[in-house]
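The values are calculated or read from the model by the stated rules, or taken from the named source; none is laboratory data. Here the structure is a predicted model, which means the values were calculated and not measured. Cβ placement follows ideal geometry from the backbone for every residue including glycine, while neighbour counts extend to all protein chains displayed. Ligands, DNA and RNA are stripped out before the accessible areas are found, and what is left, the full protein with its side chains, is counted by its heavy atoms. Shrake-Rupley method; radii C 1.70, N 1.55, O 1.52, S 1.80 Å.
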Amino acid sequence: MRVLLATSIISLMLCGQLAAAQLKEISGAIAYTEVIEFDYTKDGTRDRVQFWLEFKGSPALGTPDERGYKPESGAIYYYLVDVDNKKQVDNWLMGFSMMDEPPPSGPYPMTDIRVIDHTASFSAFGMNWTVVDGGVGHDKDEVTVDDGFKPRKMKLFDGDLRVVNTQPDAIAEFTQCIACHKQETSDLVAKGGRHTNVGCTECHVGHPPEQEHFYTGCLECHEPHSDQMDEDSCGACHRAHTAAEVRHTWNVPSEYCLPCHQEAAYVLASSRGKHSDIACVRCHQDRHTASVDCQYCHGAPHPRHVMINPDICVACHRSAHDLESAREK
Ligand code: HEC
Ligand code: HEC
Ligand code: HEC
Ligand code: HEC
Ligand code: HEC
Ligand code: HEC
Ligand code: HEC
Ligand code: HEC
């Protein structure tokens, strides 16, 4: 039954030319070392780096030779992240090996992929892997690698792993609703994250014309991040159908960022620089974790060759949150 439903929704989605995201998936990336110092550029200074692993895979869906069948597919990537420049480094072995080409960061194939509840298992690099998604963030995620000798649990330092495993009830409802609500269904499947496990009718009880505008409130199922937030505030940063991505509006009050960023807010408020009164979302626009460049607001006062290089501002102005120390230096 499960497979049949899954197969039919995928074929429906393909017919309707919807984003054919998988309904079972392991994805995300984690840092598996602490920040270490390593001169990958070989310029004599040691760079602060961290090793990351990235996963992306889906088990087979449906039955071979039947319409809508999707074979399994999956890959692992591994690379260094330069922590200070926040960039992925693929060619970190350059200069250390005899190769002219950088060693590939991947893809390294994943096979025998299975997803049960919040757990994914697969083979890669000749070993058996088990990944448990414990929720948002890496704190409760688990990665166990078994080389046939002894299973070892990896220590995780950063990142987030997701195992999406849409429940059969939810899939049944997607198929009922998709005929008339393609956009909503495809949004949910593509970017709903863990909401793909929640059936349409858990959030929409009843249907027009009998019931009008009926939505189950977020707070029926979730705690707010702080007491300042009520039901109406959630929409400033989240959309139910695209819950996996956080995008905020331009008018989010800075108090809403506080529950999770007390330190940043404290530094900004206690600095007596002229940035202290600027709302967080003026500089961190639209997508959560994004920042605009200094040039977004400043065309002056330095010569052009300085102004076009956003990376160098903080060398003299310390940080956007704490400008004052620029003058103290
Ligand atoms: C986690 C709760 C949740 C789930 C699951 C959910 N919805 Fe929604 N839906 C909402 C909310 C809340 C809105 C109001 C608009 C918004 O905030 O994005 C909405 C809006 C809608 C609308 C009105 C159009 C619009 O965008 O305003 C339709 C139609 C709809 N949903 C259909 C569906 C279908 C079909 C499914 C299942 C495939 C589904 N929803 C699953 C919460 C949910
Ligand atoms: C036969 C077509 C059809 C099917 C099937 C269908 N809907 Fe609808 N739905 C509509 C129409 C038509 C509207 C009304 C649009 C309007 O009045 O603006 C609507 C409106 C909605 C709305 C918006 C209500 C609002 O806030 O104005 C939601 C939510 C919704 N449907 C959810 C669902 C869910 C969940 C399912 C599956 C259980 C579903 N629909 C199945 C045709 C359908
Ligand atoms: C019917 C219950 C229900 C409602 C209503 C609901 N959610 Fe959820 N939501 C869930 C469940 C279940 C999860 C998955 C939790 C988990 O796996 O730890 C979830 C997960 C989430 C996540 C994490 C998504 C991810 O994959 O990273 C966000 C964000 C979220 N919900 C926001 C909202 C917002 C905002 C609303 C209101 C528009 C809402 N939810 C309404 C049940 C609900
Ligand atoms: C100012 C923006 C903002 C507002 C407003 C906001 N959130 Fe969030 N929320 C976030 C961010 C950012 C994350 C992701 C944090 C992370 O990456 O760990 C998140 C994560 C979540 C999660 C998943 C993690 C968890 O705690 O289980 C849920 C559920 C959630 N929010 C629900 C809500 C609800 C309900 C509301 C309204 C009361 C709300 N949020 C209002 C920014 C916001
Ligand atoms: C629910 C908790 C939560 C809320 C609310 C929240 N954040 Fe975050 N934020 C996080 C977490 C957790 C991280 C680090 C993980 C990541 O990168 O996703 C983060 C990372 C960031 C980063 C990037 C940090 C870096 O190291 O580059 C910025 C910038 C940021 N948040 C700004 C904001 C702003 C602005 C708001 C308010 C509009 C906000 N956040 C609301 C939890 C939250
Ligand atoms: C004048 C612009 C500006 C304002 C206002 C601002 N930020 Fe930032 N913020 C930045 C820049 C620039 C960075 C460095 C980001 C980078 O390197 O990509 C940053 C970094 C961060 C970081 C990650 C590093 C750290 O210091 O923890 C977080 C979290 C953050 N900001 C949150 C906030 C919050 C919350 C507010 C509001 C209380 C806020 N920011 C106000 C520009 C600003
Ligand atoms: C969202 C707009 C915005 C962004 C982005 C922004 N600033 Fe500013 N900045 C301002 C405003 C507004 C002032 C106050 C101007 C005034 O009062 O004349 C200011 C003032 C300053 C000052 C003078 C400080 C003082 O206290 O006298 C410096 C230095 C400065 N910004 C540097 C930066 C740097 C470096 C960045 C990037 C990391 C940056 N700004 C990003 C809006 C911004
Ligand atoms: C070599 C050091 C240096 C670099 C690099 C630098 N600045 Fe400055 N900047 C200064 C000094 C010194 C002042 C004057 C004292 C002060 O306000 O801190 C200043 C002043 C400013 C002011 C305030 C002007 C006013 O009216 O008060 C702004 C805005 C500013 N810089 C932006 C930037 C931006 C944006 C960048 C990067 C593109 C940048 N600066 C790079 C040293 C530097």
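Of the listed requirements (1) open to solvent by 40 Å² or more (accessible area, probe 1.4 Å); (2) within 16 Å of ligand 5 (Cβ to nearest atom); (3) out of contact with any Asp or Glu (no Cβ under 7 Å at 6 or more places or on another chain), residue 136 misses just one: (3). Remark: residue 84 matches the filter, which requires a residue to be closer than 24 Å to residue 139 by Cα, of a type outside the set (Phe, Trp, Tyr), at pLDDT below 90 and surrounded by fewer than 19 Cβ atoms within 10 Å (Cβ to Cβ). Give 247, 287, 272 a once-over and let me know the one that is open to solvent by 80 Å² or more (accessible area, probe 1.4 Å), within 16 Å of ligand 1 (Cβ to nearest atom) and not aliphatic (A, V, I, L, M). From the options 247, 287, 272, the qualifying one is 247. From the list 256, 296, the lone residue that is more than 8 Å from ligand 6 (Cβ to nearest atom) and open to solvent by less than 80 Å² (accessible area, probe 1.4 Å) is 256.
Touching a Gly at 6+ places or on another chain (Cβ under 9 Å) and assigned to a helix (DSSP H, G or I): does that describe residue 174? Answer is yes for this residue. Within region 275-293, residues that are in the same structural domain as residue 320 (by TED's automatic domain parsing) and assigned to a loop (DSSP other than H, G, I, E, B) have Cβ atoms under 6 Å from residues that are within 8 Å of ligand 6 (Cβ to nearest atom) and among the polar types (S, T, N, Q) in these pairs: 279/254; 284/291, counting only partners at least 6 apart in sequence or on another chain. Could you look through region 152-182, keep only residues that are among the small types (Gly, Ala, Ser) and out of contact with any His (no Cβ under 7 Å at 6 or more places or on another chain), and pick out the one that is least open to solvent (accessible area, probe 1.4 Å)? Step by step, filter region 152-182, then rank; the result is 170.
In region 257-295, what residues are within 16 Å of ligand 8 (Cβ to nearest atom) and farther than 29 Å from residue 136 by Cβ? Across region 257-295, the qualifying residues are 271, 272, 273, 274, 275, 276, 277, 294, 295. Of 125, 214, all but one fail to be touching a residue at least 40 places away in the same chain (Cβ under 8 Å), away from ligand 5 (no atom under 16 Å from the Cβ) and of a type in the set (Phe, Trp, Tyr); the exception is 125. Can you tell me which residue is surrounded by the fewest Cβ atoms within 10 Å (Cβ to Cβ) among those in region 183-236 that are part of a helix (DSSP H, G or I) and of a type in the set (A, V, I, L, M)? The qualifying residue surrounded by the fewest Cβ atoms within 10 Å (Cβ to Cβ) is 219.
Of the strands (runs of 3 or more DSSP E) lying entirely inside region 41-160, those containing at least 2 residues that are aromatic (Phe, Trp, Tyr) are 47-58, 73-82. Total residues in region 208-239 satisfying the condition of being over 24 Å from residue 194 (Cβ atoms) and more than 12 Å from ligand 4 (Cβ to nearest atom): the figure is 6. Within the option set 295, 262, being within 22 Å of residue 227 (Cα to Cα) and more than 9 Å from ligand 5 (Cβ to nearest atom) holds for one residue only, 262.
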